[in-house]
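Everything below concerns the one structure shown next.
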Amino acid sequence: MAANDAVATENRRFLDGQAVVALNVMGSPGAGKTSLIENTIRWLNNRRCVAVIEGDIATNYDAERIARTGVPVIQIATGGECHLDAAMIKQALADLDLPRGGILLIENVGNLVCPAEYDLGEHFRVVVASVPEGDDKIEKYPAIYRRADAVVVNKADLAEMSDFRFDRFRMQIQNINSYASLFELSCKTGEGLSAWADWIAQLRCRN
């Protein structure tokens with residue numbers, strides 16, 4: 001972990017030198033991380049230029065989806081690892097066309113455990129939850145939520161068809177991490193995406 005953290009520090013210094021703000025986007029498989037990134041690019045509406053690093057165990061499906069938006073993107077296939085690490089990001093940064101002063105969105109491997117432990121050199125951490133997963137994930141996986149700068153509840157349009165209790169979820173976030181910004185949205189309907197994009201647009205490096 002010490003070796004990983006040393007490389008993460010190098011990554012952050014490199015990004016700071018480009019005035020690029022990096023976000024580590026984490027969440028379980030199917031939470032809608034890729035959909036959120038697609039919509040973030042659209043809703044930012046050129047207020048900030050974006051580049052993307054996609055992390056998966058295998059395939060380049062998500063990178064192909066993001067490439068259709070027209071932004072620079074690179075895929076990392078971990079070959080079995082359940083998380084990205086700083087060395088993987090360092091290698092990707094060497095091959096990625098970063099927009100100076102822009103935003104780098106890093107989609108981590110779908111997992112609520114391992115990604116929480118690895119600093120990638122990001123400036124902000126985002127956890128994407130979704131209504132179909134249920135409102136108990138914070139209690140089950142507290143570590144990843146405890147270190148989040150923002151928590152997104154995706155698929156809010158499905159709330160009426162589920163037992164998801166937003167009040168319970170909000171209370172859990174408040175109890176475990178009162179500093180995290182909370183966004184309830186739907187990538188399908190567009191509900192809540194404006195507020196999310198506004199939050200992204202104002203982010204700056206933590207120098």
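The values are calculated or read from the model by the stated rules, or taken from the named source; none is laboratory data. Everything numeric here is computed off the predicted structure, so don't read it as measured data. Heads up, the Cβs are rebuilt from the backbone with ideal geometry, glycines too, and the neighbour counts pull from every protein chain shown.
So the values come out like this:
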item: Residue that is surrounded by the fewest Cβ atoms within 10 Å (Cβ to Cβ) [pool: residues in the range 66-75 that are β-branched (Val, Ile, Thr) and assigned to a loop (DSSP other than H, G, I, E, B)]; result: 69
item: Subset of the range 139-156 (residues that are in contact with a strand residue (DSSP E or B) (Cβ under 8 Å, 6 or more places away or on another chain) and either surrounded by fewer than 21 Cβ atoms within 10 Å (Cβ to Cβ) or outside any loop (DSSP other than H, G, I, E, B) (or both)); result: 144, 145, 147, 149, 150, 151, 152, 153, 154, 156
item: All positions within the range 34-60 that are in a loop (DSSP other than H, G, I, E, B), closer than 25 Å to residue 80 by Cβ and not β-branched (Val, Ile, Thr); result: 58, 60
item: The lone exception for residue 189 - which of (1) touching an Asp or Glu at 6+ places or on another chain (Cβ under 6 Å); (2) exposed (fewer than 14 other Cβ atoms within 10 Å of the Cβ); (3) within 23 Å of residue 102 (Cα to Cα) it fails; result: (3)
item: Qualifying residue in the range 116-125 (condition: part of a helix (DSSP H, G or I), in contact (Cβ under 8 Å) with a residue 60 or more places away in the chain and of a type in the set (Gly, Ala, Ser)); result: yes
item: Residues of the range 157-207 classified as outside any loop (DSSP other than H, G, I, E, B), of a type in the set (A, V, I, L, M) and under 16 Å from residue 44 (Cα atoms), total; result: 5
item: Sole residue being surrounded by fewer than 19 Cβ atoms within 10 Å (Cβ to Cβ), in contact with a Gly (Cβ under 8 Å, 6 or more places away or on another chain) and either modelled with pLDDT under 95 or not aromatic (Phe, Trp, Tyr) (or both), chosen from 49, 114, 82; result: 49
item: Pairs with Cβ under 6 Å, 6+ apart, first in the range 29-50 and within 17 Å of residue 184 (Cα to Cα) and among the charged types (D, E, K, R), second at pLDDT 95 or above and buried (at least 21 other Cβ atoms within 10 Å of the Cβ); result: 33/25; 33/27; 33/107; 33/128
item: Residue identified as in a loop (DSSP other than H, G, I, E, B) and not hydroxyl-bearing (Ser, Thr, Tyr) among 31, 63, 92; result: 31
item: Boolean, residue 66 is closer than 15 Å to residue 23 by Cα, within 15 Å of the chain's Cα centre (by Cα) and among the aliphatic types (A, V, I, L, M); result: no
item: Subset tally (residues that are buried (at least 19 other Cβ atoms within 10 Å of the Cβ) and closer than 21 Å to residue 116 by Cα) for the range 8-27; result: 11
